[in-house]
Amino acid sequence: MKKRLILLFLFGITAHLYGKEEKINLPKIDLPEYTFIDYSSNVIQIPGEDSSQIKAFYQKIDKLLKEEEGQINILHIGGSHVQADMFSHQVRSDLDVINSRYQTPRGFIFPYSVAKTNNPLNYKVHYTGKWAAAKNIQPKRNVSVGVAGIAVYTDDPEASVSVVLNPDDVSGRWNFDRLRLLGYVEDSSEKVKPVLHHNDVRFEACYDSINSTYFFELPEAIDSFRVDIIQEDTLPHTFILTGFIPEKDTPGIVYHSIGVNGASVPSYLDSEFFEDELRLIKPDLVIFGIGINDASGRNFTARSFIENYNLLIRKVKQVQSDCAFIFITNNDSFKRIRRRKYAVNLNGLVVKDAFFKIAEENQGGVWDLFSIMGGVKSMQTWQSKGLAKSDKVHFTKPGYELLGDLLYNALIDFYLQNDLE
């Protein structure tokens with residue numbers, strides 16, 4: 001990390017000496033030399049003739065690097081590949097070549113542990129009281145969900161949620177001086193409210209009626225907190241929590257990640273407050289990685305997949321009309337036929353073609369993970385090298401981290417190799 005920061009500093013001097021027209025030559029990640037990976041495919045491809053949306057996003061990056069102004073928001077959204085946050089957090093960490101000197105905030109977080117599902121390893125969550133969960137993959141649920149596609153809810157007066165952003169990092173890389181709590185009271189009662197605690201200091205929330213969120217203003221930057229759900233009535237009221245957004249007014253790239261195990265494109269179409277909460281993230285770029293669960297269904301068709309994606313993209317455009325899009329093709333995968341018997345899922349090829357059509361129609365880019373992996377049946381090789389799990393769908397931690405490094409390099413290459421005018 002130190003080596004890359006020194007390089008960035010030197011490149012910054014170069015840009016200053018030779019004029020702001022020059023791009024800053026950002027360093028990339030050194031990748032292992034695997035013969036089974038098609039490194040030539042590790043690029044952001046633009047299927048259509050119109051690349052204006054992507055270039056407009058990269059112009060914001062260029063301005064950030066040269067003028068140290070602006071906070072850029074990237075949203076990476078998917079299913080289980082993203083909920084685990086190994087893949088997305090690797091990209092987030094790689095972006096520290098740009099971000100660490102600004103102490104950019106971490107981005108959206110959800111307390112998955114409270115929902116009794118796997119929480120990202122890079123932040124810790126603890127809770128008290130009785131909570132229930134709702135997910136966008138459920139055909140019926142008791143409460144509505146937002147952009148994260150998942151919510152936890154409680155009427156327990158002993159309920160609380162604690163979050164530690166830097167559990168294993170003494171440097172305190174991730175911190176914030178404002179916290180936005182996304183949530184609501186089921187019956188709109190004012191007798192229940194969230195209260196934040198840090199180092200035995202209590203902070204009352206300001207309710208943002210415009211965005212329907214709770215807002216905590218803090219006197220200094222912190223990296224951990226506890227939120228108690230205070231019930232001020234003898235009759236309990238249900239409080240629904242749909243996420244946290246740590247905030248800080250610093251330049252840089254904020255990399256938000258959102259994922260639900262088993263989620264498909266219709267799952268996010270069925271998230272009731274998707275647009276309302278997306279407005280709080282204000283994405284400049286959405287990286288779509290939804291598709292592996294769509295393609296595993298018995299009734300999968302390319303036509304419905306494309307139609308559903310266009311509906312979801314329309315929701316994003318209604319919130320942020322100038323948002324750019326990058327689509328990640330499905331990884332090669334297998335279907336389980338019976339115990340210890342798998343067959344290759346040829347829908348991976350169909351989805352790949354569909355993503356290129358979606359990107360062309362929406363002036364987006366494609367990161368062709370399917371081809372990068374090596375195409376059909378390549379998952380077997382990744383598994384044999386310890387990069388994928390035995391279910392032949394998911395990756396191991398080293399595998400996800402490799403994917404993150406690959407995507408980061410592809411994002412940087414587009415900046416370095418393309419005319420942004």
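With a simple spin-label model that places each label point 7 Å from the Cα along the Cα-to-Cβ direction, the separation between residue 128 and residue 377 comes to 5.8 nm.
Cross-link partners of residue 63 among lysines, defined as those whose alpha carbon lies under 28 angstrom from its own and excluding same-chain residues fewer than eight positions apart: 2, 3, 20, 23, 28, 55, 248, 282, 315, 317. Taking every DSSP helix (H) stretch of at least 4 residues in the chain, weighting each as -39,500 (n - 2.57) and dividing the sum by the residue count yields a mean residue ellipticity at 222 nm of -9000 deg cm²/dmol.
Taking the Cα centre of the chain as origin and assigning +1 to Lys and Arg Cβ atoms and -1 to Asp and Glu Cβ atoms, the resulting dipole is close to 1860 debye.
Take every Cα pair under 8 Å in the chain that's 6+ residues apart, average their separations, divide by the length, and report that relative contact order as a whole percent. Mind showing how you got there, number by number?
Details: 898 pairs, mean separation 105.5, N = 421.
Relative contact order, the chain: 25 percent.
In cubic angstrom, how much convex hull volume per residue do the alpha carbon atoms of segment 186-237 span? List each step's numbers first, then the result.
Values: hull volume 4.9 nm³, N = 52.
Convex hull of Cα atoms, per residue: 95 Å³.
Take the convex hull of the alpha carbons in segment 291-421; its mean projected area over all directions comes to 9.2 nm². Its relative contact order, with pairs defined as Cα atoms under 8 Å and 6+ residues apart, puts segment 112-247 at 30 percent.
Only one residue of 269, 149, 372 has its Cα farthest out toward the positive end of the dipole of the chain, where Lys and Arg carry +1 and Asp and Glu -1 on Cβ, and that residue is 372. Calculated translational diffusion coefficient of segment 112-247 (25 °C, 0.890 mPa s; Stokes-Einstein with Kirkwood radius over alpha-carbon pairs) equals 159 µm²/s.
Number of Lys-Lys pairs in segment 351-421 with C-alpha atoms under 21 Å apart and a separation of 8 or more places or on different chains: 8. Kindly identify segment 216-313 as rounded, prolate or oblate by the Cα gyration tensor criterion: order the square roots of the eigenvalues as a ≥ b ≥ c, call it rounded if a/c is under 1.5, otherwise compare a/b with b/c, prolate if a/b is larger, else oblate. It is oblate, given that a/c is not under 1.5 and a/b is not larger than b/c.
Between the residues 198, 31, 221, the greatest Cα displacement towards the positive end of the dipole of the chain, with unit charges on the Cβ of Lys, Arg, Asp and Glu, is found for 31.
If you restrict to DSSP beta bridges whose two residues both lie in segment 264-396, what percentage is antiparallel, to the nearest 5? Display every interim value, and only then the final one.
Values: 5 of 12 bridges.
Once the DSSP bridges in segment 264-396 are tallied, antiparallel ones form about 40 percent.
Which FRET efficiency, nearest 0.05, do residue 209 and residue 302 yield, Cβ-Cβ r, R0 41 Å? Walk me through the numbers on the way to the answer.
Values: r = 43 Å, r/R0 = 1.06.
Efficiency computed from Cβ-Cβ geometry: 0.40.
Under the classification rounded if a/c is under 1.5, otherwise prolate if a/b is larger than b/c and oblate if not, where does the chain fall, given a ≥ b ≥ c as square roots of the Cα gyration tensor eigenvalues? Oblate, because a/c is 1.5 or more while a/b does not exceed b/c.
We did not get these values from a lab; they are worked out from the coordinates using the rules stated. The structure displayed is predicted, hence computed values, not measured ones. As a convention, Cβ positions derive from the backbone with ideal geometry for all residues, glycine included, and neighbour counts pool all protein chains shown.
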